[in-house]
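To start, the structure itself, in structure tokens.
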Amino acid sequence: MTSTAPRHPELGFYTLAGGAQNPHELVSECARAEELGLGAVFISERFNVKEAVTLSGAAAVASTNLKIITGATNHNTRHPIVTASYATTMHRLTGGRFVLGIGRGIAPLFDAYGIPRITTAQMEDFASLMRRLWHGETVIGHDGPIGRYPVLRLDPDFDEDIDLGLVAFGPHSLELGGRAFDHVILHTYFSDETLQRCATTVKRAAEQADRDPEAVTVWSCFATVGDDVPEPLRLKKTVGRLATYLQAYGDLLVETNRWDPAALARFRSDDMVAGFRNAIDVHATTEQLEHIATLIPDEWLAPSATGSAPECAAAVRAQFDLGADAVIMHGASPDELAPVVAAYDA
């Protein structure tokens, strides 16, 4: 197949949205995304059937022009040489369409599994080390935030420019993204003010590091769930998804958006929420989601594209006015996004 530039390099989607159990769906989703002209497929990692290395390899052969971005994997779940060679393999396999995106991970989950928590200093050290290895350097006696390694080496003939991405939340991560990464991926349900503030922080940090701020792509991760999606599924993709984030790292999301922490306390103290031991977006029934919807302030769900396809498309376009360089239409498959993209085209 001949590769052509996508119509909308500024638009992306997450493959296998939510708790998908059949990873083979990625193949048809990538093909459909290219038909729609989308520019990027994002791969999130869950410790079940969404292992990022396998999925990104599948995306490479299932697509011809999509940028393939891990959003995100964690640097400390693989040896740095394994990750560096994975990225180089993907880079050459895709003709330069791959972005290695990392993130901090979910602290309670890491604690439960005995995985050390990730620091900002570690992610910066990791990014620097990857670039050195991709450009053929043999690293002797590395002793930094990510650990001590006697020798790290890929191939002295390598001279690969591979993009790095960072999923960023707080100000320190955003600043790191601006000074050391090529793509900064924001979080879903960021208010308009938060998006503006985050984009400004990233661009300012790039300037302070003597980098071109326009060379750092800020991706808004924007929940896009139109009226074409049946109501029970819409509840899962909106109320269920936000509730799951509040389960996992509610304090950080509330602090970042400058929301009322008392509302988070009320959400957590609800008997149903307090007793729910699994991810709400995957396991809650429609009746339970309807109850949970009463616990979440409307303003918390407002930063999203909902309603008719033209209304969703207009909301997506408004993200650029707030400082985003690109938009991930989050929580929906390419088939579900087709009416929105058609309206966006119009």
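The values are calculated or read from the model by the stated rules, or taken from the named source; none is laboratory data. Computed from a prediction, not measured in an experiment: that's the story for all the values here. Here the Cβ positions follow ideal geometry from the backbone for every residue, glycine too, while neighbour counts run over all protein chains shown.
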### Message
Looking only at region 169-200, count every residue that is within 21 Å of T73 (Cα to Cα) and of a type in the set (D, E, K, R) and tell me the total.
### Response
3
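State all residues of region 49-61 that are of a type outside the set (A, V, I, L, M, F, W, C) and in contact (Cβ under 8 Å) with a residue 12 or more places away in the chain; if no residue qualifies, say none.
Within region 49-61, K50, T54, S56, G57 qualify.
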### Query
Does V61 count as closer than 24 Å to V184 by Cβ, among the aliphatic types (A, V, I, L, M), touching a helix residue (DSSP H, G or I) at 6+ places or on another chain (Cβ under 9 Å) and surrounded by fewer than 21 Cβ atoms within 10 Å (Cβ to Cβ)?
no
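In region 2-21, what residues are in a loop (DSSP other than H, G, I, E, B) and either modelled with pLDDT of 95 or more or at positive phi (or both)?
Within region 2-21, P6, R7, T15, L16, G18 meet the criteria.
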### Query
From R241, R204, R211, which residue is touching a helix residue (DSSP H, G or I) at 6+ places or on another chain (Cβ under 9 Å), at pLDDT 95 or above and assigned to a loop (DSSP other than H, G, I, E, B)?
R211
## Note on the structure
Counting only helices (runs of 4 or more DSSP H) entirely within region 278-346, those with at least 3 residues that are out of contact with any Lys or Arg (no Cβ under 8 Å at 6 or more places or on another chain) and modelled with pLDDT of 95 or more are 286-293, 298-301, 309-321, 334-345
### Message
What's the number of the only condition in (1) touching a residue at least 60 places away in the same chain (Cβ under 8 Å); (2) β-branched (V, I, T); (3) in contact with a strand residue (DSSP E or B) (Cβ under 6 Å, 6 or more places away or on another chain) that T64 fails to meet?
### Response
(3)
### Residues that are more than 22 Å from A60 (Cβ to Cβ) and more than 18 Å from the chain's Cα centre (by Cα), drawn from region 86-109
P108
### Task
Could you look through region 22-56, keep only residues that are of a type outside the set (F, W, Y), assigned to a strand (DSSP E or B) and under 22 Å from L233 (Cβ atoms), and pick out the one that is farthest from the chain's Cα centre (by Cα)?
L38
### Query
Hey, among L16, L93, L66, which residue is over 30 Å from R132 (Cβ atoms), of a type outside the set (D, E, K, R) and touching a helix residue (DSSP H, G or I) at 6+ places or on another chain (Cβ under 9 Å)?
L16
### Query
Only one residue in R104, R132, R117 is without any contact (Cβ under 8 Å) to a residue 12 or more places away in the chain, closer than 30 Å to V151 by Cβ and not small (G, A, S), so which one is that?
R132
